[in-house]
Amino acid sequence: MKFIPYGRQEISREDIDAVVVVLKSDYLTQGPAIESFERAVCLEAGSGHAIAVCNGTAALHLACMAAGLQSGDLAVTSAITFVASANCARYVGADVWFADIDPETLTMSPLSCRRLLEKAQSEKRPVKVVVTVDFAGHPCDMQAFAQLKKEFGFVWIQDACHSIGATWEDSQGIRWKVGEWPAPDMTVLSFHPVKHITTGEGGMVMTHDDGLAHRLRQLRTHGITRDPAEFMNKAEAFAADGSANPWYYEMQQLGFNYRMTDIQAALGESQLHRLTAGIVRRREIVAAYEARLGGHPHIAFPKAAEGVWHAYHLAVALIDFDSAGKSRATVMNHLREAGIGTQVHYIPVPLMPYYKDPVCVAEFTQSQAYYRRALSLPCFPQLTDADIARVCSVLEVALA
Ligand SMILES: *Cc1c(COP(=O)(O)O)cnc(C)c1O
């Protein structure tokens, strides 16, 4: 009996061929394949610029740096997310406040975020950055956060690690892709193997802002520039005849080595061709779970907001373990013994001992209620209809 994990990557013959081409080429790190992958993502997502980096966490870190977030500043993110959405603000010394989720879509509640923004303002500690999270592949309430940004003037970082390929419709009926609408200042992607497309490890920041794109590119490689037009120290940079010295480069700010390799970029670009097909299959899988389990007395499913085309990075079931009289651990262990992997996304970040500092403000009543019921069922494109039926049968038995 094969083990069914909750998520896994898919590597095709074409993917392998694309990687081999790079391995036989002159460039392994940051050569032509990176630029090509960045252009392909811009085209796919409708973004202006894309900056590929070594993982999604590095992308979030650079986005916070490019936003000018610093020690003593405040950032707000969702209580239900992977810890990286909060840690990125801590890397630059900012404090993190956690907003609650909307119980239907499981994305950050604009109302809860507004309360935190007002509280910060009344304490004369304005919020410099808000990191919204497109949880499970459902874009957050884009128009509500655009309105909050207008009122409170923060830099908006959209953590779209789950939602590349998702679309949503604005109040005028215009459909937007995640990454296309310029209201978020930066949109962050991850290419970890459980995500929609993978590069092994990898991440990206997308932006429509030329200035932010320039800073992000510089921060990705040590804060160094090799463009003579940007050199500040003219005496060192230029020869007497005005030509740039051939060895010269200039470090203008403290950056990192967060580069992606060309090997990874080739894999990512090849995977990108299957993004939409993969999401279509994920949507079928979730529809099949809902059809089979939706009427179960102890199981419910989150609801997508109107106009949202959900990317379903995760297939989250909401299970009332108390009314079923079974603990979540018992159910998960039962599934595991039957060869089925499940996971909980996520433990509310403000419950983490690191974030238990009393200065960390958190609104998370809905997040806690969600957390008690959450279970992510297997969801990845190669999952077969027979696999889905097996997951459902075993889950029904585990809850009986
Ligand atoms: C995966 C993920 C990240 C971090 O991505 P890595 O590539 O693993 O560093 C950040 N935020 C969310 C919501 C994620 O799911």
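Quick rundown of the values:
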{"read-out": "Looking only at segment 241-261, and only at residues there that are assigned to a strand (DSSP E or B) and among the polar types (S, T, N, Q), the one that is surrounded by the fewest Cβ atoms within 10 Å (Cβ to Cβ)", "value": "257"}
{"read-out": "Qualifying residues in segment 175-212 (those that are in contact with a helix residue (DSSP H, G or I) (Cβ under 7 Å, 6 or more places away or on another chain) and away from the ligand (no atom under 16 Å from the Cβ)) - the one least open to solvent (accessible area, probe 1.4 Å)", "value": "207"}
{"read-out": "Residue, nearest to residue 308 (Cα to Cα), within segment 115-147, restricted to residues that are under 22 Å from the mean Cα position of the chain (by Cα) and open to solvent by 40 Å² or more (accessible area, probe 1.4 Å)", "value": "141"}
{"read-out": "Lone unmet requirement of (1) within 16 Å of the ligand (Cβ to nearest atom); (2) in contact with a strand residue (DSSP E or B) (Cβ under 7 Å, 6 or more places away or on another chain) for residue 319", "value": "(1)"}
{"read-out": "Any hit, segment 221-236, residues being within 16 Å of the ligand (Cβ to nearest atom) and open to solvent by less than 40 Å² (accessible area, probe 1.4 Å)", "value": "no"}
{"read-out": "In segment 148-163, the residues that are assigned to a loop (DSSP other than H, G, I, E, B), open to solvent by less than 30 Å² (accessible area, probe 1.4 Å) and more than 11 Å from the ligand (Cβ to nearest atom)", "value": "154"}
{"read-out": "Among the candidates 324, 315, 311, residue that is at pLDDT 95 or above, closer than 15 Å to residue 298 by Cβ and surrounded by 18 or more Cβ atoms within 10 Å (Cβ to Cβ)", "value": "324"}
{"read-out": "Filtered residues of segment 27-52 (kept if part of a helix (DSSP H, G or I) and either surrounded by 14 or more Cβ atoms within 10 Å (Cβ to Cβ) or more than 21 Å from the chain's Cα centre (by Cα) (or both))", "value": "32, 33, 34, 35, 36, 37, 38, 40, 41, 42, 44, 45"}
{"read-out": "Whichever residue in segment 89-98 is open to solvent by less than 10 Å² (accessible area, probe 1.4 Å) and without any contact (Cβ under 8 Å) to a residue 60 or more places away in the chain and, among such residues, is farthest from residue 184 (Cα to Cα)", "value": "94"}
{"read-out": "Inter-residue pairs, beta-carbon under 9 Å, first touching a residue at least 12 places away in the same chain (Cβ under 8 Å) and hydroxyl-bearing (Ser, Thr, Tyr) and in segment 315-332, second outside any helix (DSSP H, G or I) and surrounded by 14 or more Cβ atoms within 10 Å (Cβ to Cβ), 6+ apart", "value": "323/298"}
{"read-out": "Set 350, 302: member being part of a helix (DSSP H, G or I) and either assigned by TED's automatic domain parsing to the domain that holds residue 376 or open to solvent by 40 Å² or more (accessible area, probe 1.4 Å) (or both)", "value": "350"}
{"read-out": "Residue ID - nearest to residue 117 (Cα to Cα), chosen from residues in segment 164-174 that are open to solvent by less than 30 Å² (accessible area, probe 1.4 Å) and part of a strand (DSSP E or B)", "value": "168"}
{"read-out": "Failed condition for residue 58, given (1) farther than 17 Å from residue 264 by Cβ; (2) part of a helix (DSSP H, G or I)", "value": "(1)"}
{"read-out": "Subset of segment 68-81 that is within 12 Å of the ligand (Cβ to nearest atom) and assigned to a strand (DSSP E or B) - its residue that is nearest to residue 207 (Cα to Cα)", "value": "77"}
{"read-out": "Matching residues in segment 271-282 - criterion: being open to solvent by 60 Å² or more (accessible area, probe 1.4 Å) and either touching a residue at least 40 places away in the same chain (Cβ under 8 Å) or of a type in the set (D, E, K, R) (or both)", "value": "273, 274, 276, 277"}
{"read-out": "Failed item, numbered, when residue 285 is tested on (1) touching a strand residue (DSSP E or B) at 6+ places or on another chain (Cβ under 7 Å); (2) open to solvent by less than 10 Å² (accessible area, probe 1.4 Å); (3) in the same structural domain as residue 68 (by TED's automatic domain parsing)", "value": "(3)"}
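Yes/no matrix, rows are residues, columns are (1) open to solvent by 10 Å² or more (accessible area, probe 1.4 Å); (2) over 19 Å from residue 219 (Cα atoms); (3) more than 16 Å from the ligand (Cβ to nearest atom):
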{"residue": "6", "(1), (2), (3)": "yes, yes, no"}
{"residue": "9", "(1), (2), (3)": "yes, yes, no"}
{"residue": "22", "(1), (2), (3)": "yes, yes, yes"}
{"residue": "25", "(1), (2), (3)": "yes, yes, yes"}
{"residue": "54", "(1), (2), (3)": "yes, no, no"}
{"residue": "57", "(1), (2), (3)": "yes, no, no"}
{"residue": "66", "(1), (2), (3)": "no, no, yes"}
{"residue": "83", "(1), (2), (3)": "yes, yes, no"}
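The values are calculated or read from the model by the stated rules, or taken from the named source; none is laboratory data. From a predicted model like this one, the values you see are computed outputs, not experimental measurements. With ideal geometry, Cβ positions are generated from the backbone for all residues, glycine too; neighbour counts draw on all protein chains shown. With ligands, DNA and RNA removed, areas are computed over all heavy atoms of the protein, side chains included. Shrake-Rupley method; radii C 1.70, N 1.55, O 1.52, S 1.80 Å.
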